[in-house]
Amino acid sequence: MAASSRLQHAGSRNARGSALLLFLAIGCASKSEPSREPLRPDPAGTRTVGAIEYRGELLVLESFPVQLAGSVTLTNRSDGERTLAFPDGCVVLLRAYRADERVWDQVGGLGCTQAIVNVTLAAGESNTLRAPTASAYEILSPGHPAGTYRLTAYLRPAGAAEIEVDMGEADLAVP
């Protein structure tokens, strides 16, 4: 009887273990989607000036405070080579707007190398240029409230008008 009791006990332990494994397997295999907030900012505003297309992209690095990394991809849409010259090492810079009012400009807090930067693009060629990373703290520190801000990237080609590209919105806050 003792042997039979041990077998029943071992059998119920195995049944419980099997049931637990089955439960875990079903739970891990289920396809429930985690709730996702819509991706913001919307990827890339695009502008074409002359034969050069400027496409902006903003990467929101989810830290606290948020870090913003912007870039602009230049694409030569002409049939020939094009060269753009920029007056200094700050080729791409960021700006923040709240309710269509400019509240922050990255150029105010940077030291840019004083060397002309030439960007040459063959016909159909693209080149991505990056802005220095900015934090929500930099943007909000002049006394601006936490909230949703529209971000742009801009370039200042030598001898030409400034080119500003919309990059969408980001929620900014500081501790």
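The values are calculated or read from the model by the stated rules, or taken from the named source; none is laboratory data. Not measured: the values here are computed from a predicted model. Neighbour counts run over all protein chains shown; Cβ positions are idealised from the backbone, glycine included.
Could you please find all residues in segment 116-170 being among the charged types (D, E, K, R), farther than 16 Å from E101 by Cα and touching a residue at least 12 places away in the same chain (Cβ under 8 Å)?
Selection gives E125, R130, E138, R156.
With respect to R130, determine if the residue is out of contact with any Leu (no Cβ under 9 Å at 6 or more places or on another chain), among the charged types (D, E, K, R) and in the same structural domain as V60 (by TED's automatic domain parsing).
In short, yes.
If you scan segment 77-108, which residues turn out to be farther than 21 Å from T148 by Cβ, touching a Pro at 6+ places or on another chain (Cβ under 8 Å) and not hydrophobic (A, V, I, L, M, F, W, C)?
none
Looking at the structure I just gave you, is G124 on the phi > 0 side of the Ramachandran plot, modelled with pLDDT of 95 or more and in contact with a strand residue (DSSP E or B) (Cβ under 7 Å, 6 or more places away or on another chain)?
Judged against the criteria, G124 is a match.
Would you mention how many residues in segment 50-67 are surrounded by 14 or more Cβ atoms within 10 Å (Cβ to Cβ) and in contact (Cβ under 8 Å) with a residue 24 or more places away in the chain?
12
Tell me yes or no: at least one residue of segment 54-61 is among the basic types (K, R), assigned to a strand (DSSP E or B) and modelled with pLDDT of 95 or more. Show your work before the answer.
Filtering segment 54-61 for residues among the basic types (K, R) gives 55.
Going one step further and asking which of them are assigned to a strand (DSSP E or B), we end up with 55.
Then drop every residue that is not modelled with pLDDT of 95 or more, which leaves 55.
Yes: segment 54-61 contains one or more residues that are among the basic types (K, R), assigned to a strand (DSSP E or B) and modelled with pLDDT of 95 or more.
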